[in-house]
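A quick write-up on the structure given underneath.
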Amino acid sequence: MDKAARAAATAGATMKLLEAADVARIEHLLVECAKEADFIVNEREYGQGRYPDDKECKRVIGRNKKGELLTRQMELGTLKHAVAFACVRREILKLFPDQVSIEPRFGEESKSGAYALTNQWEGSMKPDIVLHASGQPNWIQCIYDFKFPCTLWSKEHPLDAAQQQLKDYGRLGGKCKPAIVTPLMGVIRE
């Protein structure tokens, strides 16, 4: 095989997207990671078989760096995300290390208006999980965001609070509509 043929074969392999069966497997594992995170944090924070009620979820526990109120549901969400990300590293990244990214940050390029990986925080987006072409995080296939609803209403209507975020993620492109992943309802798309 000559150099040009090898280069073309390498480029083709590099741009390979996940097959539908692999995406389905990853989605199943994402739901399992969300369930695991919800269970572990609730057990640790509230005891066996217990979880926070609406009053506990809405309880103000302090303020963030910007001086905004910080509630218990926000704190629980942060704790559950950490456990879910550890699960993703353990269960998904070992299977698809070159095609899955955790919390990549995308910003709009000034010249083209397209989105690409960035280190800039202002005006950028940071989805929880991105499936992409092998070794090419800018070639997005699917976007997922973990959501850990706390109140009874948010558990029954998890998309309501995420609609604008999913719309924003849609600007990043991809082969799938952006989705949220919840412990109770699994993968949900608009």
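The values are calculated or read from the model by the stated rules, or taken from the named source; none is laboratory data. Computed from a prediction, not measured in an experiment: that's the story for all the values here. FYI the Cβ positions are ideal-geometry reconstructions off the backbone, even for glycines, and counts take in every protein chain you see. For the accessible areas, the whole protein counts, side chains as well, though only heavy atoms, and no ligand, DNA or RNA atoms are used. Shrake-Rupley method; radii C 1.70, N 1.55, O 1.52, S 1.80 Å.
Brief remarks follow.
- Taken over segment 103-133, the residue count meeting the criterion of being of a type outside the set (Lys, Arg) and either within 11 Å of Leu172 (Cα to Cα) or surrounded by 16 or more Cβ atoms within 10 Å (Cβ to Cβ) (or both) is 19.
- Trp139, sole failed condition from (1) in contact with a helix residue (DSSP H, G or I) (Cβ under 6 Å, 6 or more places away or on another chain); (2) part of a strand (DSSP E or B): (1)
- Of all the residues in segment 161-186, those that are farther than 20 Å from Tyr115 by Cα, open to solvent by less than 50 Å² (accessible area, probe 1.4 Å) and out of contact with any Asp or Glu (no Cβ under 6 Å at 6 or more places or on another chain) number 4.
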